[in-house]
Each structure stands twice: as C-alpha cells, then as structure tokens.
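The numbers here are math on the coordinates, done by the rules we state, and not lab data. Worth saying up front: this structure is predicted, and the values here are computed from it rather than measured. Here the Cβ positions follow ideal geometry from the backbone for every residue, glycine too, while neighbour counts run over all protein chains shown.
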Amino acid sequence: MYKHLLVPVDGSPLTERAIEVSVQLARQLGASITGFIAEPLPPVPPGPRSSALVEEEARELDSFTTTHAQDVLARFEAVAKAAGVPFNGYHDQVARIDRAIIAAAEARGCDMIVMVTHGRGAFGEFLYGSQTKAVLAGSTLPLLVLH
C-alpha cells in the first residue's frame, strides 16, 4: 500500500485540514509524511533600484518565508508526532509550485501526494489557476484531493 505521503501545505486555513486528514491517513496506513511548503520566488522589483536595496529586500523576504515555513511545519510535525506518525518537513522557494511538488515527491521517494483544493470553481480557476489540477496533470503518482 502507500508508505510515504507528500503533503504540500501553505499555511492557509485549509492547511489544518490537510494536516488533520493526512496524519489520520498515515496512521491508518502505517505511513510516514513529508510536509512541503513551496514558496514562490520573489517578484522582480519594478524600476531601477540599487543592488544593495534589492539584496536587502531579498533577505527580508527570505527571512519572512523561512520563518513562516518553519512555523507551519513545526505545527504539522507536532500533530504527526502526537499521532505516532514519522514526519519530515522542508520548504523551498520555487518558480513553479506544481513542478516543485512533483519533484519533491519524486526526490523523497513518496508514493502518494495528498493535497487540499480551494475549490474556487471555474471562474476562480480561470483567475488564479489550480495547483491541484497542474499536479494531477504532471504527476504519475496517485493524488488524493481533499476539499
């Protein structure tokens, strides 16, 4: 069966559902979990800027995203440990979140991806896109979608 789940989270309110359900599932399966946060790369600043200012802004953003990811993954780890589920978490800044999720699952030897969808509907998907659909289209691994 499934022994290693990749669970991408982002710290939104839906993250709690992903944590709760994936930990319950992993416990039932006797599986481990890798929690993953894919932060988008910082946007290119508009207009001319000094390199010192750009570097300072990049450091501030990196510090913020690292702290955010560590906080979310620490909560995830606490829930997993309390349930007796082996957990490993990490984060990365990436250009394409869907590709990073797929690459993370493959690199970590995961055999299933568990994701929560925002369920925005057709218009919302048109405006914002769907990471879940992009992962489904690009991965050969089973994908469990929670709503």
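Numbers for the structure displayed
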item: Charge context of Ile101, other residues only, Cβ under 15 angstrom, K/R +1, D/E -1; result: -2
item: Local net charge near Phe87, Cβ-Cβ under 13 Å (Lys/Arg +1, Asp/Glu -1); result: +3
item: Distance between modelled label sites at His68 and Asp111, nm, 7 Å Cα→Cβ extension; result: 3.4 nm
item: Cα-centre dipole for region 4-146 with unit charges at Cβ (Lys and Arg positive, Asp and Glu negative), debye to 20; result: 420 debye
item: Counted charge near Val23, where neighbours are those whose Cβ lies closer than 12 Å (Asp, Glu -1; Lys, Arg +1); result: +1
item: Farthest positive-ward along region 4-146 dipole, Cα basis, beta-carbon charges - from Ser22, Val9, Gln93; result: Ser22
item: Length-normalised contact order of the chain in % [C-alpha pairs under 8 Å, at least 6 apart]; result: 33 percent
item: Listed residues Pro42, Leu61, Pro142: farthest to the positive end of the dipole of region 4-146 (Cβ charges); result: Pro142
item: Convex hull per residue volume in Å³, alpha carbons only, for the chain; result: 116 Å³
item: Where a label projected 7 Å from the Cα of Leu29 along Cα→Cβ would reach, residues of region 1-23 with amide N under 15 Å; result: 1-8, 18-23
